[in-house]
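Visitor: Sharing a structure with you now.
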Amino acid sequence: MSFNPPLFGKRTPSSDPFAQIQGEIDRLFDDFGRGFYQNRSGDLVPRIDVTETESAIEVSAELPGLEQKDVQIDFTDDLLTIKGEKKSEKEEKGKDRHITERRYGSFYRAIRLPPGTDPAKIEASIANGVLTVKAPKPAPSVTKKIEIKPAG
């Protein structure tokens, strides 16, 4: 790659190394703010936060553009799974796409919760593109000393 100016006319983005670098930096910052990202295999993966209070574990997932009907939550063997699908909009006739940056497809996340979590007490809600799942922490186990009696 040459840093010399072109002989004729203005630099084009493909011939300007600074424009190429700026484009890559812009794309990184654009991707950073999105609720979904794609992993190396191309799967759609929602960004999540898992927080803990004295009484509960809270999972927040960014699901921009999704509604309650688009998401399924399951809990089996202390594993909370969040799955769903972000469907693409209908193809519009007479429009040529120049840039497509929004991501579509199925997603799946699994979060291990503490052993003994009661599935009947887990609550979930979705508002403004953020899914919130609250799971009360199980009561701490209690150690009880067992008296040994003589056989007889």
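Visitor: Could you identify the single residue in T53, T76 that is more than 27 Å from G105 (Cα to Cα) and at pLDDT 75 or above?
Guide: T53 is the lone residue from the list that is more than 27 Å from G105 (Cα to Cα) and at pLDDT 75 or above.
Visitor: Within the range 9-21, does at least one residue satisfy the condition of being out of contact with any His (no Cβ under 7 Å at 6 or more places or on another chain), within 30 Å of Y108 (Cβ to Cβ) and either at pLDDT below 95 or of a type in the set (D, E) (or both)?
Guide: No, because not a single residue in the range 9-21 is out of contact with any His (no Cβ under 7 Å at 6 or more places or on another chain), within 30 Å of Y108 (Cβ to Cβ) and either at pLDDT below 95 or of a type in the set (D, E) (or both).
Visitor: Quick one: Y37 ticks every box in (1) of a type outside the set (A, V, I, L, M, F, W, C); (2) farther than 17 Å from N128 by Cα; (3) part of a strand (DSSP E or B); (4) at pLDDT 90 or above bar one, so which box is it?
Guide: (4)
Visitor: Among the listed residues G94, G84, G152, identify the single one that is free of Cβ contacts under 8 Å to residues at least 24 places away in the same chain and touching a helix residue (DSSP H, G or I) at 6+ places or on another chain (Cβ under 6 Å).
Guide: After ruling out the rest, the residue left standing is G84.
Visitor: Might you let me know whether the range 124-134 holds any residue that is modelled with pLDDT of 90 or more, in a loop (DSSP other than H, G, I, E, B) and not aliphatic (A, V, I, L, M)?
Guide: So far as the range 124-134 goes, yes, one or more of its residues are modelled with pLDDT of 90 or more, in a loop (DSSP other than H, G, I, E, B) and not aliphatic (A, V, I, L, M).
Visitor: Here's a follow-up. Looking at the range 95-123, which of the residues that are of a type in the set (D, E) and modelled with pLDDT under 90 is surrounded by the most Cβ atoms within 10 Å (Cβ to Cβ)?
Guide: In this case the residue turns out to be E101.
The values are calculated or read from the model by the stated rules, or taken from the named source; none is laboratory data. From a predicted model like this one, the values you see are computed outputs, not experimental measurements. Please note: Cβ atoms are built from the backbone with ideal geometry, for glycine as well, and neighbour counts cover all protein chains shown.
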